[in-house]
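Asks: Supplied in structure tokens, the structure appears directly below.
The values are calculated or read from the model by the stated rules, or taken from the named source; none is laboratory data. Values in this document were obtained by computation on a predicted structure and should not be read as measured data. Note that each Cβ is placed from the backbone with ideal geometry, even for glycine, and that neighbours are counted across all protein chains shown. Ligands, DNA and RNA are excluded from the accessible area calculation, which covers all protein heavy atoms including side chains. Shrake-Rupley method; radii C 1.70, N 1.55, O 1.52, S 1.80 Å.
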Amino acid sequence: ISAISGCGASAVPLYRIHLPGSGLWQKARARTAAAEMMNKRPATYQRCLARTLSLALSLALAPTSVTSFHATAPFGGRLARGLAIAQHGGSIVPRHLRSETSHQHHRQRQHQRRSVVRASSALAELIGDKDRLERMENMGVPQQVAVAASQYLLACSSLDDELWERKQSSDDALMAILKRCAEVAPELIENENQLLPLTRLAAWVPEEVWVRPLDEWDGSATEAAKAAAKAGSENEPYETTAGGAVDMLRDAFFGTPKPMEAGSKAKVTSLISHLIEKWTDVPSVLREALFLEDGPPITENAQRISFAFLKVYTGAGTGSNSVKNTLQAEVSPAITKTMAKIFVEMGLPTLKEGGEGEEEAAGDSKKGKDGGDGKDGKAGLKAREGMVSSAKTNPLHALRVAQAKAFNGAPFVLDAVCNAKMGQRIGSESEEAFNMMAIQWACTHQDELEEPSTVTIALNYLCEMHQIDKKYSTNGRTPKSVQEAMEAYELTTTVFSDDELFQPNPESISGYFKMNTTIPEKTSVYVPYDGETILGGPGEPGHEACSIRIQEIDSLKRLIFEGEQLGNCLKDRYSSQVKYVSRVRQRASSYWSMTIIRPDGEVEYLCLIEIWHLRRGNVVHQAEGPRPRTIPTPEAWYWLDKWCKAENLNLAEWNCYS
């Protein structure tokens with residue numbers, strides 16, 4: 001701890017330690033909690049320590065804004081704040097070295113380089129990665145690639161306890177894969193971008209499941225692998241606007257990161273197919289699960305999507321299970337046989353859709369892959385009619401497209417489904433069942449909805465209403481009947497592109513949404529520090545009908561946007577941004593926004609709420625109104641109290657000094 005944070009043991013701050021399997025968090029001094037856990041559950045202690053320290057190296061990169069926070073980290077979710085923050089309020093680099101002058105710019109680069117080296121060495125020793133790094137370097141793996149591979153492996157192994165328990169075998173598998181690559185395809189270990197799919201393969205597919213010996217792979221890319229790599233590279237690569245110290249440091253210490261070339265991707269695809277595919281008719285989009293990224297940082301959400309669809313890929317490739325059965329088991333129990341069929345057909349070999357070479361392709365397809373009649377190619381073409389381009393590389397998008405096509409969704413509906421929240425994450429069993437109902441509703445009313453943006457808003461609205469009220473159904477509802485509520489929902493919804501999505505709160509807390517509602521006359525509300533206020537009468541707050549919404553803040557930029565609306569420290573104070581973001585990534589806290597739509601259509605941001613998820617229950621830690629006076633108004637407190645009672649949240653411990 002001292003080596004990474006630069007502070008003595010007595011300066012170790014408070015942390016929340018996650019107890020895997022319980023879904024609960026406890027607040028205790030790090031030393032006390034760690035000592036107790038180390039004695040009672042050594043494996044759990046090691047996992048928690050690894051999670052806490054795994055991003056210390058990335059935090060040493062000293063990003064200049066929260067949008068680039070963890071920009072080089074392989075995994076952004078459920079990982080602790082990192083002890084490197086302790087010394088300099090969010091950065092190892094002292095404030096006096098943050099300058100754009102050439103001399104100080106050079107000093108900053110030197111300081112960052114030394115910080116990374118120190119943090120890397122200390123981190124490797126603390127989390128047991130030192131031997132792995134040395135073995136990789138002995139194979140000829142560059143230092144920055146070895147560090148990235150080590151972080152990737154830790155991130156992949158941290159998704160659940162079962163993966164963590166087999167971390168040693170995953171480590172051995174990764175070493176074997178890297179050794180074989182060094183022997184027959186050394187270019188695959190020269191760039192850290194190639195390491196992500198290989199590390200996922202090692203961590204998530206046990207060696208006993210591999211269908212062929214690793215040493216039989218000759219390092220070449222098959223024609224099928226070349227075609228798959230080319231198809232998966234058609235979309236524009238993810239771009240980041242991190243800038244600042246992150247880009248500067250990567251250029252100075254690691255070198256400018258290079259995107260994976262089609263040739264290298266073809267070889268990686270060939271290796272993966274060699275180990276997993278006993279049968280070659282696997283939907284091509286399943287191979288893309290191993291390459292799935294949502295940009296730096298690669299979030300927990302992207303990791304979980306990749307993990308789920310890799311299980312589908314493994315079942316289909318090894319022949320141990322059908323695509324339909326594994327989709328139902330790992331992604332959505334609501335998947336029907338028709339949906340699975342469309343999903344598979346979208347990844348079948350196809351004819352070229354026009355242009356030079358069409359006749360030749362058609363001639364080849366008539367013979368079929370195994371001397372058949374070419375029906376697979378025709379089925380693939382039909383399934384891909386109107387398909388969204390991202391569905392070629394994102395298996396979750398491909399599945400949502402298949403669900404919409406099963407209900408005869410028009411091309412604009414397919415695009416809207418992918419842009420909706422259900423296209424960004426896999427829901428729970430009940431959420432997935434409702435997702436299918438919502439998609440069916442959108443396809444049924446697609447002529448009335450008309451525009452893809454309207455469909456996206458409708459899907460998000462319906463799903464949030466179901467989250468608030470599990471009895472909520474699409475039955476009997478039409479676009480006209482929900483239009484007013486959808487408009488209110490849209491007014492209070494802000495979405496950003498190129499954003500990091502947070503995982504939903506771990507306690508299944510729902511939001512709050514009331515249309516055209518009032519506060520009863522002569523309602524007495526007591527707000528701490530302000531005293532009692534009477535609401536609801538003529539001229540008093542709550543008398544006019546308004547629409548109230550409390551929504552979970554589900555992304556990084558949306559959290560900062562809330563700070564801008566309220567004028568608080570989240571707006572521009574980096575240390576506060578780091579503190580808030582770290583807690584939501586750990587799932588120690590969740591953040592909520594309370595808005596109200598006045599009769600004239602004006603949207604007011606009333607309150608930012610932080611819920612602590614503790615062992616004794618869910619506690620309202622913060623409830624902050626707009627500056628300069630941050631105590632919530634009596635009107636906001638009334639609705640906050642109603643929501644807390646509905647969701648069994650403890651409001652009694654709130655104080656304005658939280």
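Asks: Could you list all residues from the stretch 567-611 that are part of a strand (DSSP E or B), within 24 Å of Ala545 (Cβ to Cβ) and charged (D, E, K, R)? Please lay out each step first, then the result.
Replies: Quick first cut of the stretch 567-611, residues part of a strand (DSSP E or B) only: 589-597, 603-611.
Filter once more, keeping what is within 24 Å of Ala545 (Cβ to Cβ): 592-597, 603-607, 609.
Listed by number, the list holds a single entry, Glu604.
Asks: Oh, and also: Do any helices (runs of 4 or more DSSP H) lying entirely in the stretch 123-236 carry at least 2 residues that are closer than 27 Å to Asn301 by Cα, modelled with pLDDT of 80 or more and touching a Cys at 6+ places or on another chain (Cβ under 8 Å), and which ones are they?
Replies: Details: elements: 130-138, 143-157, 161-165, 167-184, 195-204, 223-232.
Filter on the stretch 123-236 gives 195-204.
Okay, residues lined up against (1) in a loop (DSSP other than H, G, I, E, B); (2) farther than 30 Å from Gln586 by Cα; (3) at pLDDT 90 or above; (4) not charged (D, E, K, R):
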| residue | (1), (2), (3), (4) |
| --- | --- |
| Glu490 | no, no, yes, no |
| Asp499 | yes, no, no, no |
| Gln503 | yes, no, no, yes |
| Tyr526 | no, yes, yes, yes |
| Ile534 | no, yes, yes, yes |
| His543 | yes, yes, yes, yes |
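Asks: Six or more apart or on different chains, Cβ under 9 Å: which pairs go from a residue in the stretch 299-322 that's on the phi > 0 side of the Ramachandran plot and assigned to a loop (DSSP other than H, G, I, E, B) to one that's surrounded by fewer than 20 Cβ atoms within 10 Å (Cβ to Cβ) and β-branched (Val, Ile, Thr)? Could you list them?
Replies: Filtered contacts from the stretch 299-322: Gly319/Val211.
Asks: Just wondering, is there one or more residues in the stretch 433-448 that are in contact (Cβ under 8 Å) with a residue 24 or more places away in the chain, exposed (fewer than 14 other Cβ atoms within 10 Å of the Cβ) and in contact with a Pro (Cβ under 8 Å, 6 or more places away or on another chain)?
Replies: Yes; the residues of the stretch 433-448 include at least one that is in contact (Cβ under 8 Å) with a residue 24 or more places away in the chain, exposed (fewer than 14 other Cβ atoms within 10 Å of the Cβ) and in contact with a Pro (Cβ under 8 Å, 6 or more places away or on another chain).
Asks: Could you check Tyr638 against (1) part of a strand (DSSP E or B); (2) of a type in the set (Ser, Thr, Tyr); (3) buried (at least 21 other Cβ atoms within 10 Å of the Cβ) and say which number it fails?
Replies: For Tyr638, the failing item is (1).
Asks: Within the group Tyr591, Tyr574, which residue is in contact with a Leu (Cβ under 9 Å, 6 or more places away or on another chain), under 28 Å from Ala155 (Cβ atoms), of a type outside the set (A, V, I, L, M) and touching a residue at least 24 places away in the same chain (Cβ under 8 Å)? Spell out the reasoning first.
Replies: Numbers: Tyr574 fails: in contact with a Leu (Cβ under 9 Å, 6 or more places away or on another chain).
Checking each option against the conditions leaves just Tyr591.
Asks: I've got another one for you. Please go through the stretch 586-614 and give me each residue that is open to solvent by 10 Å² or more (accessible area, probe 1.4 Å) and under 14 Å from Pro504 (Cα atoms), ordered by number.
Replies: Residues satisfying the conditions are Gln586, Arg587, Trp612.
Asks: For the stretch 133-163, give me each residue that is surrounded by 20 or more Cβ atoms within 10 Å (Cβ to Cβ) and over 13 Å from Arg200 (Cα atoms).
Replies: Leu133, Met136, Val141, Val145, Ala146, Val147
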